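Working notes, structure below.
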Amino acid sequence: MYTEKLIDHFNNPRNVGCLNDADGTGTIGDPDCGDFIRIYIRVKGDRLSEVVFEACGCPASIATTSVLTELAEGKTLDQAFAISEMDIVRALNGLPDPKIHCSNLGAAALRQAILYYRKKLKEK
Ligand code: FES
C-alpha cells in the first residue's frame, strides 16, 4: 500500500525536467526491471542550487526521486551525497518492502552526478 505522500509525489512529481547546461548528471538503471532515472544538478559554491530529474519507471521510483530532489536542494554536496535510501523512505512516510529497491535509483543517480561534478572540477 502506498502512502498518501507517495501518491502525491507520483501524481505531481517535483523538479521534473532536464538542464542542458547542468554541472553534473547521473543516470542509473535497474537491469532487473528496466527502469531508469537521470538526475541533473546545478551547483553554487558548495551547494546544490537545482536538482531536476527525468524518469522512466514505476510509481515508486518516480515518487522517491521527486522527494529526493526536495531533500537535496540547498544541501552541501557532502550532505546530499549522504542522503540514504532510508531518508527517502522516511520522507515519503514509508514504502512497501518490495519497493525499497526503487528508492536506490534516484539516490544512486544523485551520487553519480555529484561524483561527475567533482571529477570535472578536478580536471579544470
Ligand atoms: Fe523498478 Fe521500481 S520496480 S524501480
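No value in this document is a laboratory result; all are computed from the given coordinates. Bear in mind that the values here come from a model prediction, so they are computed numbers and not experimental data. Cβ placement follows ideal geometry from the backbone for every residue including glycine, while neighbour counts extend to all protein chains displayed.
Results for (1) among the aliphatic types (A, V, I, L, M); (2) farther than 15 Å from ILE62 by Cβ, shown as yes or no for each residue.
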site	(1), (2)
ALA80	yes, yes
SER84	no, yes
PRO98	no, yes
CYS102	no, no
LEU105	yes, no
LEU115	yes, yes
LEU121	yes, yes
One residue from GLY106, GLY74 being surrounded by 14 or more Cβ atoms within 10 Å (Cβ to Cβ), touching a residue at least 12 places away in the same chain (Cβ under 8 Å), on the phi > 0 side of the Ramachandran plot and not acidic (Asp, Glu)
GLY74
Mind listing just one residue for me: the one in the range 21-53 that is among the basic types (Lys, Arg) and closer than 11 Å to ILE114 by Cα and, of those, nearest to the ligand (Cβ to nearest atom)?
ARG42
Per the list (1) in contact with a Pro (Cβ under 9 Å, 6 or more places away or on another chain); (2) within 12 Å of the ligand (Cβ to nearest atom), residue check on CYS56 breaks on (1)
Quick one: would you say VAL89 is touching a Ser or Thr at 6+ places or on another chain (Cβ under 7 Å) and among the aliphatic types (A, V, I, L, M)?
yes
Select, from ASP87, ASP46, ASP97, the only residue that is exposed (fewer than 14 other Cβ atoms within 10 Å of the Cβ) and touching a helix residue (DSSP H, G or I) at 6+ places or on another chain (Cβ under 9 Å).
ASP46
